[in-house]
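The values are calculated or read from the model by the stated rules, or taken from the named source; none is laboratory data. Quantities reported herein were computed from a predicted structural model and do not represent experimental measurements. Cβ coordinates were reconstructed from backbone atoms using ideal geometry, including for glycine residues, and neighbour counts include every protein chain displayed. Heads up: the accessible areas ignore ligands, DNA and RNA and are worked out on the full protein's heavy atoms, side chains in. Shrake-Rupley method; radii C 1.70, N 1.55, O 1.52, S 1.80 Å.
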Amino acid sequence: MTFDGRIRFAAAAWQIGYVAVHVWWAIDGAPAFLKGRESYFPGGWLPVVLGTLAAVACLAAAISHRERDDTGHRLLAGLNAVAGVALCVYSFLFPVVLVSLLFEGPSEGIVTSLLATGSGALGGILCLLIAAAERRRATRSCDACGRVHGRSPESRADATPRWAYAGAYLAVAGYLARMSVWLVDTIAGRWPSAASRANGLSWTAMIVFMLLMSLAGTLLPLALAHRWGRLWPTWVTPLRGRAVPRWLVLGTGLFIGASLTAYFGIAGMTAWLRGDVRGPFLPLLLEMGGYTLWGVGLLLAAASYFALTRPPCPLPAEDRRAPAPIRP
């Protein structure tokens, strides 16, 4: 068995362990020390179903994983992607619990909650890694750089796809929707809020925060989509034509995009639908919806930026060909 095959079986074993624990909890009831801090979504049999889906996906990918045709690889990539996303969404409280532990210190049940949410998040990540590997085999990507030569962009100067522009301007639209609520609150004298004033936040701190927020809602998404976000433009005389540091733009876009999508798009929308968040409908829609579109748009534009800014393929041009098709 290859190392890759052992990793896949290990991932399946992890999912089976996750399912076993949650079957126990579904039958006897979740332990009191979790205090409802495993997920925003209902517990019970839902994590059992998600874990079973993930276990089946990982096992299917582990069994004879090199003896499938392209269609088989695509099906397994899709199955593992669905299972991985579902587990990560269910375990969204993991980063929240982790931040609470780091900044507030240990409290009753927090370590157990961290382990419960972390096990689901790790299971989801394992599924997503297997999905990415299956997709590479299905597309017969280059072993040296991960591109599909002839279809993937070869350099930073290549054209940005239209869907990446759509994502970038969707993010800007989401930012403007959110800022429309802030503008109304400012005119009405509701900003800064009483809580901000009570916490002693200075005007300088709030202005700096709003400035950074505005950059993340305008400059960042446009930099992810436009050529000047990959290669310094001509008006930046000392650096013109040189590569913009990849992770300066990509890392920021992924972090903010994932944070907004997870916090507002998943947790916030779920809480709103459950009635845990109350307030006027239109301002809440503009705020929650704006943040969600902003996050999703950043992730779309970041996906294109990731592909366009890959390091150059180390193989000579004449050797840049995809691996031979996999025969069943």
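From helices alone, the chain scores -21000 deg cm²/dmol at 222 nm; the rule is -39500 (n - 2.57) for each run of n ≥ 4 DSSP H residues, then divide by the residue total.
Model label sites at residue 26 and residue 71, defined 7 Å from Cα along the beta-carbon direction, differ in position by 3.2 nm.
The stretch 147-169 and the stretch 43-96 have Cα centres separated by 28 Å. What residue among 212, 284, 220 shows peak mean-square fluctuation when the chain is described by a Gaussian network model with Cα springs under 10 Å? Most flexible of the set in this elastic network: 212. Principal axis extents of the C-alpha atoms in the chain (largest first, rounded to whole Å): 68, 66, 34. Choose one answer from 193, 259, 113: the residue with the largest mean-square fluctuation in a GNM of the chain with alpha-carbon springs under 10 Å. Judging by the Gaussian network model, the answer is 193. Taking only C-alpha pairs under 8 Å that are 6+ residues apart, what is the relative contact order of the chain in percent? Contact order relative to length: 23 percent. The apolar share of the surface of the stretch 125-200, taken as the fraction of accessible area on carbon and sulfur atoms (1.4 Å probe, ligands and nucleic acids excluded), comes to 60 percent. Go ahead and set up a Gaussian network model of the chain, Cα springs under 10 Å, then flag whichever of 312, 238, 47 fluctuates most. Highest fluctuation among the options: 238.
In the stretch 110-259, one over the average inverse separation of all distinct C-alpha pairs is 19.4 Å, which is the Kirkwood hydrodynamic radius. Each of the trypsin sites (Lys or Arg not before Pro) that DSSP puts in a loop and that has at most 13 other Cβ atoms within 10 Å breaks the chain; the longest unbroken stretch is 67-150. Once the Cα-Cα distance is subtracted from the 0.36 nm per residue extended length, the residue 273 to residue 145 segment shows a gain of 41.7 nm.
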